[in-house]
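The values are calculated or read from the model by the stated rules, or taken from the named source; none is laboratory data. Since we're looking at a predicted model, the values are computed, not measured. We place every Cβ from the backbone using ideal geometry, glycine too, and count neighbours over all the protein chains shown. Keep in mind that these areas ignore ligands, DNA and RNA; they rest on the heavy atoms of the full protein, side chains included. Shrake-Rupley method; radii C 1.70, N 1.55, O 1.52, S 1.80 Å.
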Amino acid sequence: QVQLVESGGGLVQTGGSLRLSCVASGFIFSVRHMAWYRQAPGQQRELVATITSGARTNYADSVKGRFTISRDNAKNTVSLQMNSLTPEDTAVYYCTANLGVQRYWGQGTQVTVSS
């Protein structure tokens, strides 16, 4: 079955960095578009970054220039490097895979940025 397992969240001070990773299984990773979403308390889930099977990337305006999404098809892993973090980045971050008929989600990893 499809599984997406995130890791790398935690508590960091303003201006700090974190690297999130998501290991995928149960489907052919290299041909699928992947993405990171986040959901802050009381807010709707929002798209953070996407990466196509061809490694083209796209970012939300709020994270452009600070976050970098990447993929390692040999390791079935998609990562999100987050720099210059601010308290507004505090949220649960979710890895997601678009498999056409259904989008699959990981369990999420908490990122908390203290001021």
*Within the bounds of region 79-98, is there any residue that is farther than 16 Å from residue 20 by Cα, modelled with pLDDT under 95 and open to solvent by 10 Å² or more (accessible area, probe 1.4 Å)?*
yes
*Please name all residue pairs, on different chains or six or more residues apart, with Cβ atoms under 8 Å, provided the first residue is in region 39-65 and is without any contact (Cβ under 8 Å) to a residue 40 or more places away in the chain and the second residue is among the basic types (Lys, Arg) and open to solvent by less than 90 Å² (accessible area, probe 1.4 Å).*
46/38; 51/71; 53/32; 55/71
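Do we find that residue 43 is under 24 Å from residue 86 (Cα atoms) and touching a Phe, Trp or Tyr at 6+ places or on another chain (Cβ under 9 Å) in this structure?
Values: under 24 Å from residue 86 (Cα atoms): yes; touching a Phe, Trp or Tyr at 6+ places or on another chain (Cβ under 9 Å): no.
No, not satisfied.
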_Criterion: in a strand (DSSP E or B), among the hydroxyl-bearing types (Ser, Thr, Tyr) and out of contact with any Lys or Arg (no Cβ under 9 Å at 6 or more places or on another chain) - qualifying residue of 96, 50, 112_ = 112
*In region 28-45, what count of residues is obtained for those that are within 15 Å of the chain's Cα centre (by Cα) and open to solvent by 80 Å² or more (accessible area, probe 1.4 Å)?*
3
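Considering only residues that are assigned to a loop (DSSP other than H, G, I, E, B) and open to solvent by 60 Å² or more (accessible area, probe 1.4 Å), look in region 67-77 and name the one that is farthest from residue 88 (Cα to Cα). Lay out the reasoning, then the answer.
Keep residues of region 67-77 that are assigned to a loop (DSSP other than H, G, I, E, B), which gives 73-76.
Of the ones still in play, those that are also open to solvent by 60 Å² or more (accessible area, probe 1.4 Å) are 73-75.
Numbers: 73: 31, 74: 33, 75: 31 Å.
This residue is 74.
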*asked:* Against the definition (in contact with a strand residue (DSSP E or B) (Cβ under 8 Å, 6 or more places away or on another chain), modelled with pLDDT of 95 or more, over 18 Å from residue 10 (Cα atoms) and open to solvent by less than 10 Å² (accessible area, probe 1.4 Å)), how does residue 60 come out, yes or no?
replied: no
*Give me the pairs, please: first residue somewhere in region 80-104 and in contact (Cβ under 8 Å) with a residue 12 or more places away in the chain, second residue anywhere and of a type in the set (Phe, Trp, Tyr) and part of a loop (DSSP other than H, G, I, E, B), beta-carbon distance under 7 Å, and either six or more positions apart or on two chains.*
97/27; 99/27
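Checking the conditions here, which among 4, 11 is closer than 21 Å to residue 75 by Cα and either open to solvent by 80 Å² or more (accessible area, probe 1.4 Å) or not in a loop (DSSP other than H, G, I, E, B) (or both)? Show your work before the answer.
On the way: 11 fails: closer than 21 Å to residue 75 by Cα.
Just a single option satisfies the conditions, and that option is 4.
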_List the residue pairs whose Cβ atoms are under 9 Å apart, where the first residue sits in region 23-35 and is of a type in the set (A, V, I, L, M), the second is open to solvent by less than 60 Å² (accessible area, probe 1.4 Å) and in a loop (DSSP other than H, G, I, E, B), and the two are 6 or more positions apart or on different chains._
23/76; 24/2; 24/76; 24/106; 31/53; 34/52; 34/53
*From (1) in contact with a Phe, Trp or Tyr (Cβ under 6 Å, 6 or more places away or on another chain); (2) assigned to a loop (DSSP other than H, G, I, E, B), pick out the condition that doesn't hold for residue 64.*
(1)
